[in-house]
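Below: one structure, written as structure tokens.
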Amino acid sequence: MGKAVEFTKINKYFPGVHVLKDISFSVEEGEVHALLGENGAGKSTLLNILHGVYPEYEGEVKLHGKKVHFKDPNQAIVEGKISKVHQETLVVKDLTVGQNITLGYEPLKGRLVDYGKMNKDVNEILKDLDCNFKAEDIAATLTSGQMQMLAIARALYHKSTIISLDEPTASLSQKETEALFKVVQKLKKDGVTIMYVSHRLEEIFQICDRATIMRDGEYICTLDVGKTNRDELIHAMVGRSVAAVASRQKPCRKQDEVVLKVENLTGKGYDHVSFELHKGEILGFFGLVGAGRTETMRAIFGADKRLGGKIYIHGKEVTGSWYSTKALKSGIGLIPEDRKTQGFLTLSSNIDNIAIASLEKYMKGAFMDPKQQRANAERYFKEMDIHPNDPDYLTKNLSGGNQQKVILSRWMSTDADIIIFDEPTKGVDVAAKAEIYRLMEDMLEEGKSIIVVSSELPEVMGLSDRIIIMCEGHINKEFNRDEFKSSDEMLDYAIGGN
Ligand SMILES: Nc1ncnc2c1ncn2[C@@H]1O[C@H](COP(=O)(O)OP(=O)(O)OP(=O)(O)O)[C@@H](O)[C@H]1O
Ligand SMILES: [Mg+2]
């Protein structure tokens, strides 16, 4: 087998930063090759160079032994036969699946689009990928997992020989992830080369053959996955050892006092949800994607309307209309799961983005004190190790995981004493995960109480004093920490067992 991709001395500069430094390594034809590294290491940037998103760079890229230099992603797909599947796949929602997959390259009959052939060709690919949707379906009806399948189908429509997946499973359910892995295995069997980026190391051991590790824009090493282990990978990524599993380092602080009580909360996606949160506790909410956890939390925070049920904060019932600014004033904060919907990211500096939910804290008399804002931002930059370490940097230019850390900092800066984290470590690297867990424990020490919604069982099991398992909009089971046994048991309740 030859080499599918060869990088030689790749250098990439953004204004003021040298993000890729002399990167050289190669990817074998037909292998699943992982690209690993901390947030900001340069993984996405390297893939963007490969796929023509960044046409300006130094160094050489070869595909199947031939030098290439793509000027845009389209050229990469059509001429280079190389496709990238984004985490948030771009689809035109009003068009059908078939139209999306063939967009710009529709089969023609004379000068008209041949829809019959389009749908037939596309359905063949979808069937081959074992997809449960059809070329004729409108794209708006697809789940995020199905949209990724659509993107892979598009890659196959263009006969791609190399496909990159950048954090593909971050917003997939367990089932969708399994389906994706099956497809990856199948593509591999058909001789397609896969480049795979993920912060979930267990996935690397499940599907990858070799792994290249990057650190601070530099190439560190390439390892055979079969001959390495989790600790070695982490050490190569971070340059030191990190406690990579979620765990509690400090004693339990759960008290009798109930800070939040929810009774029969009902709304779109959840039904008669009742629970209590105690002071000083970390209460985990586990469930599969779509179990109603996010919807429940958004209603508690007043981000969405509830249809029924009562909310008590520090013993006082919430009355009248309930919205987020009110919730924040009563001491509840919600850190939402999706950093992409945080529109402000395109606008401002890290300092502004961190300060925006806690502005009253930085007032000096009637005026805003920028020094205090800066000091607050600097604190979180240090504690969460945000890269580059520059609070004045524009947030939109940070890597995905570092943007996530900025959002966490924003909500941790508020005075809220009940904090709801929705998927706090999505897209965050192993070292930063550990930092976030430590910050949560610090918050408990300050007398705060925490709800963690997470789809990662090791995370909820490692962190929580208590776990509530939701399934299809209902609470199915509750476990105290001393009752946590196996993840299989938890998973069983999450899929509806009892
Ligand atoms: N448009 C840009 N302008 C300036 N700097 C940028 C730009 N895009 C990326 N960077 C910087 O390049 C570095 C590498 O970012 P990249 O997105 O490649 O990291 P990554 O390894 O994919 O991280 P993550 O795991 O968080 O996704 C980061 O320090 C980032 O701040
Ligand atoms: Mg990235």
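The values are calculated or read from the model by the stated rules, or taken from the named source; none is laboratory data. What you are looking at is a predicted structure, and each value in this text was computed from that prediction instead of being measured. A quick note on method: Cβ atoms are made from the backbone with ideal geometry, for glycine too, and the neighbour counts reach across all protein chains shown. The accessibility values were calculated without ligands, DNA or RNA, using every heavy atom of the protein model including side chains. Shrake-Rupley method; radii C 1.70, N 1.55, O 1.52, S 1.80 Å.
Other residues whose C-beta falls under 12 angstrom from the C-beta of L63 contribute a net charge of +1, scoring Lys and Arg +1 and Asp and Glu -1.
If the segment from E263 to E441 were pulled out straight at 0.36 nm per residue, it would be longer than the present Cα-Cα gap by 61.3 nm.
Too long at a 27 Å Cα-Cα cut-off: which of K261/K448; K71/K182; K316/K448; K120/K268; K81/K189? In this structure, K71/K182; K120/K268 exceed 27 Å between Cα atoms.
Here's the list of lysines a cross-link from K186 could span, going by alpha-carbon distance under 16 Å and ignoring same-chain residues fewer than 8 apart: K127, K159. Beyond 26 Å, what percent of the Cα pairs of the stretch 258-494 remain? Tail of the P(r) past 26 Å holds 38 percent of the pairs.
The spread of Cα positions in the stretch 64-198, taken along each principal axis and listed from longest to shortest, comes to 42, 39, 25 Å. Taking every DSSP helix (H) stretch of at least 4 residues in the chain, weighting each as -39,500 (n - 2.57) and dividing the sum by the residue count yields a mean residue ellipticity at 222 nm of -9500 deg cm²/dmol. Take the Cα of V17, step 7 Å toward its Cβ, do the same at K382, and the gap between the two points is 2.1 nm.
Under the simplified labelling scheme, the Q174-E60 pair shows an inter-label distance of 4.9 nm, with each label point 7 Å from Cα along Cα→Cβ. Computed on the chain, with alpha-carbon pairs under 8 angstrom and 6+ residues apart, the relative contact order is 15 percent. Size of the stretch 195-239 from its Cα atoms: along the principal axes, largest to smallest, the extents are 26, 20, 16 Å. Over all other residues within a Cβ to Cβ distance under 14 Å of K268, the charged ones net out to 0, with Lys and Arg as +1 and Asp and Glu as -1. Cross-link reach is defined here as a Cα-Cα straight distance under 17 Å, omitting same-chain residues fewer than 8 places apart; for K43 the lysines meeting it are K9, K12, K21, K84, K396, K426. From zero outward in steps of 10 Å, how is the percent of C-alpha pairs of the stretch 410-462 spread across the bins? Spelled out per bin, shortest first, that is 22, 60, 18. Other residues lying with their Cβ under 14 Å from the Cβ of D385 contribute a combined charge of 0, Lys and Arg counting +1, Asp and Glu -1. Here the scattering of the stretch 332-467 is modelled by Debye summation over its C-alpha atoms, one equal scatterer each and no solvent; at q = 0.09, 0.10, 0.14, 0.15 Å⁻¹ the log10 of I(q)/I(0) is -0.25, -0.31, -0.61, -0.70. Kirkwood-type hydrodynamic radius, the stretch 170-253: 14.9 Å, calculated from all non-identical alpha-carbon pairs. Taking every alpha-carbon pair within the stretch 289-412, the share separated by more than 22 Å comes to 45 percent. Three principal axis extents describe the C-alpha atoms of the chain; from largest down they are 69, 49, 48 Å.
Averaged over its residues, the stretch 256-374 has an accessible area of 49 Å² per residue, based on protein heavy atoms and a 1.4 Å probe.
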